Amino acid sequence: MEQGRYEFVVVANRLPVDRVSSEPGEEAWARSPGGLVSALEPSVRQSRGAWVGWTGAPDDDPGQFELDGVHLRPVPLSAEEVDQYYEGQSNSTIWPLFHDAVEQPVHRRTWRVTYEAVNRRFAEATAELAAEGATVWVHDYQLLLVPRMLREARPDLRIGFFLHIPFPPVELFMQLPRRADLLRGLLGADLVGFQQSLAADNFLQLAARLLGLEPEGERVEYEGRTVTARAFPISIDMSEIDRLAADPGVQAEARRLRRELGGDRRLFLGVDRLDYTKGIEQRIEAYGELLAAGAVSNDEAVLVQVATPSRLRVAQYQQLRERVEREVGRINGEHGDVGKAPVHYLFQSRTREELVALYLAADVMLVTPLRDGMNLVAKEYVAARRDEQGALVLSEFTGAAAELDGAFVVNPYDVDDLERGMAAALRADPADLAARMRRMRSHVREHDVDRWAREFLDVLGGPVSSLSR
Ligand code: ADP
Ligand code: G6P
């Protein structure tokens with residue numbers, strides 16, 4: 001096979017940009033949603049590498065192109081493949097199962113077949129682009145089979161894999177049909193990275209249980225090679241958020257938001273993709289109970305929930321949307337006043353500037369997922385609070401909770417505990433809040449996304465030095 005010329009290739013389900021609607025014949029692109037792209041895009045821009053991924057639209061094949069110094073190689077997906085590989089196997093089977101099965105995973109044979117076919121297409125596209133001995137970094141649960149497929153085609157490559165979501169305990173993983181194929185897929189990598197060491201342990205235990213392998217520490221021998229499994233907690237570009245938070249226009253927008261919401265009302269904020277793992281329903285319900293109990297009044301406080309539309313064609317997401325909208329309507333009906341809604345619910349995406357203005361305006365940031373590999377919103381909030389004000393309420397079931405020790409930690413399944421955490425954050429002493437925020441800021445500053453990428457690539461080895469600044 002003829003080999004490509006890229007020393008560094010990132011492979012992810014999505015390209016870092018989505019095609020947005022434009023005039024016929026014109027092309028317009030916007031940053032893709034979610035934590036994966038937010039985390040990787042800054043480092044790949046530095047490296048002038050290639051990125052293999054889907055444009056986010058069915059039957060879309062724009063061909064390869066360059067954007068901001070990155071070579072983009074779209075992998076086209078038909079409408080049926082989007083349905084079966086993306087909405088089906090990736091987001092109705094693997095996503096819920098890997099998140100503690102907080103929604104019931106659905107299993108279909110046709111989805112698995114298409115998942116494998118699409119993974120093969122990603123592997124083939126990557127094999128064509130990568131130079132001899134190149135470093136390839138494959139990402140996330142949509143592409144679990146790619147490392148092995150790639151190794152079979154190109155044994156010369158250094159192959160890393162990073163899972164952005166949790167890796168489930170052995171008993172849960174064992175429910176997956178064709179489970180050993182998925183595990184063998186991952187074992188095609190030289191280095192498998194996870195958000196938390198618990199996930200790496202789950203992976204190694206699974207290798208022992210399912211394939212009879214014998215892990216030693218973080219390493220396991222497989223087909224004559226050594227595979228390393230280790231935690232690399234992902235992070236954010238602190239300097240980008242910090243710069244936006246210092247921008248006078250962004251600060252003016254934060255002041256405007258507060259004025260619009262009613263002057264001295266204290267602001268609770270949630271910012272998430274509208275996903276059932278994020279605990280949005282439980283959070284809104286807890287806020288409603290605080291109002292009902294009189295622990296917080298509608299004159300005193302307001303909740304803004306920004307929910308980015310996500311995976312709209314998947315039934316469980318549609319049902320979630322309906323439940324959230326009903327609950328918001330109920331609370332506003334029961335506790336609102338003319339011109340003074342208790343809950344402002346925005347089913348919208350926002351620009352980075354707008355998000356940072358919201359972070360700056362918020363007195364209490366609510367990050368309460370039922371399960372989350374990391375949660376970058378929590379780290380972004382901390383990065384934005386250069387004024388050392390504001391409180392973070394954080395679910396213990398996020399990767400971020402292991403790092404951000406200044407947060408008000410809650411169990412999102414326990415509405416009483418959620419309410420306790422929300423009230424404690426609202427009533428906390430400003431000096432205590434400042435001390436907490438300082439601790440968290442210094443942690444995020446020390447552990448930003450550049451360091452994450454550098455550490456992963458250093459352990460992986462191979463020719464990628466251009467990422468190290
Ligand atoms: P996930 O990866 O599951 O979506 P994360 O919290 O790790 O969750 O990452 C979400 C990313 O998407 C963050 O960078 C956040 O700023 C961005 N984001 C979330 N909600 C919105 C929104 N409404 N508009 C724009 N960006 C958003
Ligand atoms: C999470 C996943 C990513 C995914 C993102 C957005 O961050 O880990 O792999 O890209 O959510 O979801 P979407 O389905 O829109 O790509």
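Compute the Cα gyration tensor for the range 238-446, then decide on rounded, prolate or oblate, letting a ≥ b ≥ c be the square roots of its eigenvalues: rounded whenever a/c is under 1.5, prolate when a/b is larger than b/c in the other cases, and oblate in all that remain.
Judged from the Cα gyration tensor, the range 238-446 comes out rounded (a/c under 1.5).
Across the chain, where is the longest run that never hits chymotrypsin sites (Phe, Trp or Tyr not before Pro) in a DSSP loop with at most 16 other C-beta atoms within 10 Å?
Counting at most 16 other Cβ atoms within 10 Å as exposed, the longest clean stretch of the chain is 1-346.
Amide H to amide H, which residues 5 or more places from Y222 or on other chains are under 5 Å from it, using H placed in the peptide plane?
Long-range HN contacts for Y222: V227.
I need the phi-derived Karplus couplings for the range 194-203: 6.51 cos²θ - 1.76 cosθ + 1.60, θ = phi - 60°, integer Hz, Gly and Pro marked x.
10, 6, 9, 5, 4, 5, 4, 5, 4, 4
What FRET efficiency comes out for the pair Y413/E260, r = Cβ-Cβ distance, R0 = 41 Å, nearest 0.05?
0.75
Expressed as an acute angle from 0 to 90° and rounded to the nearest 10, what is the orientation of the C-alpha long axis of helix 430-446 relative to the principal long axis of the chain?
10 degrees
If you take every DSSP beta bridge whose two residues both sit in the range 238-446, what share of them, in percent to the nearest 5, is antiparallel?
So the antiparallel bridges amount to about 5 percent of the total.
At most 13 other Cβ atoms within 10 Å and a DSSP loop assignment: could you name the GluC sites (Glu not before Pro) in the range 207-249 that fit?
E223
Report, by chain and number, residues whose modeled amide H sits under 5 Å from the one on R14, excluding near sequence neighbours (fewer than 5 apart, same chain).
Counting only residues 5 or more places away or on other chains, the set is W54.
Given the chain reduced to its alpha-carbon atoms as identical point scatterers, what log10 I(q)/I(0) does the Debye formula return at q = 0.07 Å⁻¹?
Debye curve over Cα of the chain, log10 I(q)/I(0) at q = 0.07 Å⁻¹: -0.36.
Got the relative contact order for the chain handy, in percent, Cα pairs under 8 Å and 6 or more residues apart?
With pairs under 8 Å counted, the relative contact order is 14 percent.
Given a Förster distance of 22 angstrom, what is the FRET efficiency for A208 paired with A101, based on the Cβ-Cβ distance and rounded to 0.05?
It comes to 0.45.
Add -39500 (n - 2.57) for each DSSP H run of 4 or more in the chain, then divide by its residues: what number comes out at 222 nm, to the nearest 500 deg cm²/dmol?
About -12500 deg cm²/dmol.
For Cα pairs less than 8 Å apart in space and 6+ apart in sequence, what is the mean separation divided by the residue count of the range 238-446, i.e. the relative contact order in percent?
25 percent
Rounded, prolate or oblate: which fits the range 401-443 when a ≥ b ≥ c are the square roots of the eigenvalues of the alpha-carbon gyration tensor, with rounded for a/c under 1.5 and prolate only if a/b beats b/c?
oblate
I'd like to check one number: the per residue accessible area of the chain, probe 1.4 Å, reported in Å² as a whole number.
Per residue, the chain has an accessible area of 40 Å².
Roughly what angle does helix 352-361 make with the longest principal axis of the chain, taking Cα atoms, 0 to 90 degrees, to the nearest 10?
40 degrees
Probe radius 1.4 Å, ligands and nucleic acids ignored: give me the carbon and sulfur share of the accessible area of the range 164-270 as a rounded percent.
C and S atoms contribute 46 percent here.
Report the gain in length on full extension from E223 to R178: 0.36 nm times residue separation, minus Cα-Cα distance, nm rounded to one decimal.
Gain on extension, E223 to R178, equals 14.3 nm.
Could you calculate the contour length gain from D387 to E152, that is, 0.36 nm times the residue separation minus the distance between their Cα atoms, to one decimal place in nm?
Here the answer is 79.4 nm.
The values are calculated or read from the model by the stated rules, or taken from the named source; none is laboratory data. On a predicted model such as this, the values are computed, not experimentally measured, just so you know. Note: ideal-geometry Cβ built from the backbone for every residue, glycine included; neighbour counts use all protein chains shown. SASA here: full protein model, heavy atoms, side chains in, ligands and nucleic acids out. Shrake-Rupley method; radii C 1.70, N 1.55, O 1.52, S 1.80 Å.
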